[in-house]
Amino acid sequence: MAQPAQQIQKPATDKAIQKPPQTLEDIIKSRQGSFADVGTKYMSPERLVKLALVMVSKTPDLKRCSALSVVSELMTCARLGLEPGVEGGRWLIPFKQGKGEEVHYEVVGVTDYRGLIDIARRSGEVLAIHADVRHENDLWEFWIDAGGPTLVHLRHRRAEGERGEIMGAYAIVKLRNGEVQAVYLTLAEVNATKARSKSAKSEYSPWNTDWPSMARKTAIRRVYNLLPKTPEIQAAREALAEEEERDRAEAAIDVTPPPSGSSRAENLKEKLRAKAGAEAEQPAADPEPSSEDEGPVVDPETGETF
């Protein structure tokens, strides 16, 4: 009799092999073609990938951020022609969000002020651009004169020796047509920008490691609004607008709401009562507040009636 055919068992090697999850480094390498699609002549995609890998090794918390957000920021580097993670380029900062079990990390892109200077020069519309921090003992002159050869006049010479307290920061630019534009920000205005910055809350932020550079960048961001519109400058403006929009959104989230159960009219009444009491030299005892004798309340700022 013929022996029944034996079933041939498939070797274990035929089973589907589970691939290990891709690392952030693997994902960055796989996107080199995408970087080339949006890149400029100022940086090759190969160099972008190389610098990105070095940046990840130096800032391991980037691996805690979503790979998509990191790649998105690297695409911005490619579009601007700015090197990631180096001076004169664009910093990718891991930002810690949440508390306890809800902790997660987000990546925040911050453009170096020297990168903004490079982009302005590449445009062909800028002959010279400079930014610096003003100190108390520096020689400083800044005024606007519509009757002079140029509208803006700025003169700054650093003091020798002790420069004194920081007073502010400025940026000045000379355009191809001979026009001069300048922006000056006081120390309070610079620090107000820092207070609104989401990236400033990270230990890796240049706001905490290199305040003077961020002060210069804050002034350059303002002067960028006065530059001619070119493809290079427009791309930088869009990146700066994204940074500002992110900071505004973060500031809006941090706004403390009024106490529960209090209406806007009640809050306004309290403010008006406090103001009246502060202005009176010898305030008399106020009667018990009554909705019958108070009448309508008018907001002095908006004119609304409650």
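The values are calculated or read from the model by the stated rules, or taken from the named source; none is laboratory data. Please read these numbers as outputs of a predicted model, since none were measured by experiment. Cβ placement follows ideal geometry from the backbone for every residue including glycine, while neighbour counts extend to all protein chains displayed.
Please find, among T209, T230, the residue that is over 28 Å from E106 (Cβ atoms) and out of contact with any Leu (no Cβ under 8 Å at 6 or more places or on another chain). Explain how you work it out, then say what you get.
Working: T209 fails: over 28 Å from E106 (Cβ atoms).
From the options T209, T230, the qualifying one is T230.
Residues that are among the basic types (K, R) and touching an Asp or Glu at 6+ places or on another chain (Cβ under 6 Å): list the helices (runs of 4 or more DSSP H) wholly contained in segment 14-124 that include at least 1 such residues.
Details: elements: 24-30, 32-38, 45-58, 67-80, 113-122.
In segment 14-124, the matching helices (runs of 4 or more DSSP H) lie at 113-122.
Of everything in segment 74-116 that's touching a residue at least 40 places away in the same chain (Cβ under 8 Å) and of a type in the set (S, T, N, Q), which residue is farthest from P206 (Cα to Cα)?
T76
Residue-wise test of (1) at pLDDT 90 or above; (2) in a loop (DSSP other than H, G, I, E, B); (3) in the same structural domain as E87 (by TED's automatic domain parsing).
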site: P228; (1), (2), (3): yes, yes, no
site: I233; (1), (2), (3): yes, no, no
site: R246; (1), (2), (3): no, no, no
site: N267; (1), (2), (3): no, no, no
site: K271; (1), (2), (3): no, no, no
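Only one of (1) farther than 15 Å from R237 by Cβ; (2) basic (K, R); (3) not assigned by TED's automatic domain parsing to the domain that holds K50 is not met by K96, so which one is it?
(3)
D132 - would you say it is acidic (D, E), surrounded by 15 or more Cβ atoms within 10 Å (Cβ to Cβ) and part of a strand (DSSP E or B)?
Numbers: acidic (D, E): yes; surrounded by 15 or more Cβ atoms within 10 Å (Cβ to Cβ): yes; part of a strand (DSSP E or B): yes.
So D132 passes the test.
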